[in-house]
Structure formats: structure tokens, C-alpha cells
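Undergrad: Here's a structure for you.
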Amino acid sequence: MPASALNRLTVRALRMPAVLYDVDLGWLFGRRFLRLTHRGRRSGRLFQLMLEVIGERPSEHEIFVMVGLGRRAQWYRNLIAGGAVEVRIGRDRFAPTYRELSVSDAAQVLADYERRNRMLVPIVRFVLSRLVGWQYDGTTEARERLVSERPILALRPTV
């Protein structure tokens, strides 16, 4: 398969969750992904992005996501500026509020994610290593370093 065809196939596969949310079929993914709608802090425009859910605390109505590109990510900066509009996950929709987890809590959430997804750990560690620019090996020290650079947020319905 030529590289260009492989690239098109990859882009289509990565767009699939968003496409399903566009046609109200996001529930097919269960609670694995969420769609965050946020308002641009300067433009005021609405933007949407898909995020992988790395954990959940149902008793607190919290969903955990990682800021994979770090604190300079535009969606993160918009969120901090008060631009969170809506979260859609499965069949649920809500206006979100957020909090950034402490390093120790975030490291625990990431450790739980790795435990639940043992088969994907080599891929996850490879991708995370590429994102941060150093070798993430899953040790406690590396996990704490990672979540200090790439925070984990808890999203919950606004009360």
C-alpha cells in the first residue's frame, strides 16, 4: 500500500469518533472518547475536539483526560479562559467545569489507565515518549514527570 493511501486511511480512522458524534452515534464508542466543545479565547468561535477518556470516577461524576500537547495546547488555554461549552460522552451531554489533578492524583489515574489497557501499554508509552521528547518507561518517577508536563484534567457537569 502506498504511503499516501496509508496516510489517508489513518486520517479517516482517527476522524471516525468525530464523524460518529456528528451523526449522533458517538454512543457506539461507549465512554472511551468524549467531544469537547470550547470557545476560542480571542476569536469567540466554537471549536470541537475529540479526547480519549483515560479514567472516570462515577461517584464524583468526573471524567479524566490528558492534555497530550501540554499547557500550550490551544484547547487547554481556551478552557482555562472560561471557554468550556459542552462535553458529549456516550449519550450524555453537559456544560463542564474542570479541575487540574495534583501530580500524585494524576499519576494514579495514568497508572490505572495503563493497568486497564495492558495490551496497549507499549503503544501508549511510545506515543507518550514522542509527545514529551524523552523516554517514558512507566516507572513512578517517569509517570510523575509526565503528568507534571502533560496535566490530567477532571471534567464534570457544572452544578
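Undergrad: Mind checking which helices in the chain clear 15 Å along their axis (Cα) and have mean Kyte-Doolittle hydropathy of -1.0 or more, DSSP H runs only?
TA: On the way: long enough: 3-22 (28 Å, 0.39); 103-116 (20 Å, -0.54); 121-132 (16 Å, 1.69).
Long hydrophobic helices here: 3-22, 103-116, 121-132.
Undergrad: So if I take the alpha carbon set of the chain, get Rg, then get Rh from the Kirkwood formula, what is the Rg over Rh ratio?
TA: On the way: Rg = 16.0 Å, Rh = 16.6 Å.
Expressed as Rg/Rh, it is 0.97.
Undergrad: With only alpha-carbon atoms counted, please give the Rg and Dmax of region 30-114, in Å.
TA: My reading of the Cα-based Rg and Dmax gives 12.8, 37 Å.
Undergrad: Answer with one residue from A111, Q74, V127: the one whose Cα lies farthest towards the positive end of the charge dipole of region 71-159, charges on Cβ with Lys, Arg +1 and Asp, Glu -1.
TA: Q74
Undergrad: Here's a follow-up. Give the peptides 88-95, 113-120, 150-157 in descending order of average Cβ contacts within 10 Å, highest first. Let's see the in-between values first.
TA: Values: 88-95: 15.2, 113-120: 11.6, 150-157: 19.8.
The peptides rank, most packed first, as 150-157, 88-95, 113-120.
Undergrad: Calculate how large, on average over all directions, the projected area of the Cα convex hull of region 79-159 is; give the answer in nm² to one decimal. Before the final figure, lay out the partial values.
TA: Working: hull surface 25.9 nm².
Averaged projected area of region 79-159's Cα convex hull equals 6.5 nm².
Undergrad: Right, something else. Relative to the Cα centre, what is the charge dipole magnitude of the chain, using +1 at the beta carbon of each Lys and Arg, -1 at the beta carbon of each Asp and Glu, and rounding to the nearest 20 debye? Spell out each step's value before the answer.
TA: Values: 27 positive and 16 negative charges, 120 e Å.
My answer is approximately 580 debye.
Only the coordinates and a few stated rules stand behind these numbers; no lab work does. Everything numeric in this text was worked out from a predicted model, so none of it was measured. Note that each Cβ is placed from the backbone with ideal geometry, even for glycine, and that neighbours are counted across all protein chains shown.
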